[in-house]
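The values are calculated or read from the model by the stated rules, or taken from the named source; none is laboratory data. Remember, it's a predicted structure, so these values are computed and weren't measured experimentally. Heavy atoms of the whole protein, side chains included, go into the accessibility calculation; ligands, DNA and RNA do not. Shrake-Rupley method; radii C 1.70, N 1.55, O 1.52, S 1.80 Å.
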Amino acid sequence: MKKQEYFDMGIAQGLSLSQIESVLCNILQVSQTKLFTLSEVSSKYIYEIQKVFFDISHGVSTEYAINKADFYGREFFVDNRVLIPRNDTEILVKQALIKLNTTLDISNTVYIDVWTGSWCIVISIINEMFPLKFSCVYAFDVSSEALEVAEKNKSSLALTDLTLKKSSLLESAFHDTNVSNKHLFLTANLPYIKSGDFEHMDASVVLNEPDWAFYWW
Ligand SMILES: C[S@@+](CC[C@H](N)C(=O)[O-])C[C@H]1O[C@@H](n2cnc3c(N)ncnc32)[C@H](O)[C@@H]1O
């Protein structure tokens, strides 16, 4: 089947060119450059591609439809149990790395990422710092469903010990002997939406993303 026919199919369903490209690259497992050079695409992919086009045209976010989101130069598995990592959150990672550059005693520092979601923050920071090692690293989230998604992102992690725990706020840290007498380095992208604001949010966010990622539980 001609690649252009897949593009025509996506356009007919209201998808943008970049959404179609993301879907095709993801399903065919090729880079954007490689996709550009293809003229034919095997028709064995047609049902899979049609399904994803259908989902997106019916309001599913592209990232959830292809189970992938880019964050700080890496790909993360996402589905509707976690927030889609936002570009704005990359600022938090950048600032944390600047701060860590001036932290002298990393090996005596415990790093905790609270409200961890997909693990996008903690994985980005650890990979950017690799091979520098913290004394230990924890990622906490109150949602068991979010923790299941985070586990799937383990393979993107540079070798290090990282403990993922179900915890409301920092409660698990208080009972942990590894944390006492150590410096603490915390990152947190807090749930930031007031309940009354939800109705003013973009429909794709309200329909797709878990409300527990936006509210404080
Ligand atoms: C705003 S998202 C941030 C996710 C991720 N860190 C990011 O930046 O994309 C918030 C996450 O906090 C979790 N959460 C909400 N209330 C919590 C609480 N009391 N304690 C721990 N995690 C909580 C939610 O389950 C959700 O995964």
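Expressed as cubic angstrom per residue, what is the convex hull volume of the alpha carbon set of the chain?
Once divided by residue count, the hull of the chain is 131 Å³.
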Query raised in the report: Per Stokes-Einstein, at 37 °C and 0.692 mPa s, what whole-number D in µm² s⁻¹ belongs to segment 3-58, with the Kirkwood radius over Cα pairs as the hydrodynamic radius?
Result: 296
Query raised in the report: Using a cut-off of 16 Å between alpha-carbon atoms, which lysines can reach Lys2, once sequence neighbours fewer than 8 places away in the same chain are excluded?
Result: Lys34, Lys44
Report summary line: Helix-only [θ] at 222 nm, the chain, -39500 (n - 2.57) per DSSP H run of 4+, per residue, nearest 500, equals -11000 deg cm²/dmol
Query raised in the report: Could you give the alpha-carbon Rg of segment 89-188 over 2.2 N^0.38 Å, rounded to two decimals?
Result: 0.99
Query - Degrees separating the helix 3-12 axis from the principal Cα axis of the chain, which is the longest one - result: 80
Report summary line: segment 61-196 accessible area per residue, 1.4 Å probe, protein heavy atoms, integer Å², reads 51
Query - Whole-Hz couplings from phi, Karplus 6.51/-1.76/1.60, listed for segment 121-129; x for Gly and Pro - result: 6, 5, 5, 5, 5, 5, 5, 5, 8
Query - GNM top mover of Phe76, Phe36, Phe130 - the chain, alpha-carbon springs below 10 Å - result: Phe36
Requested in this report: Work out how far the C-alpha atoms of segment 161-217 reach from end to end along every principal axis, then list the three figures in whole Å, largest first.
Outcome: 45, 21, 16
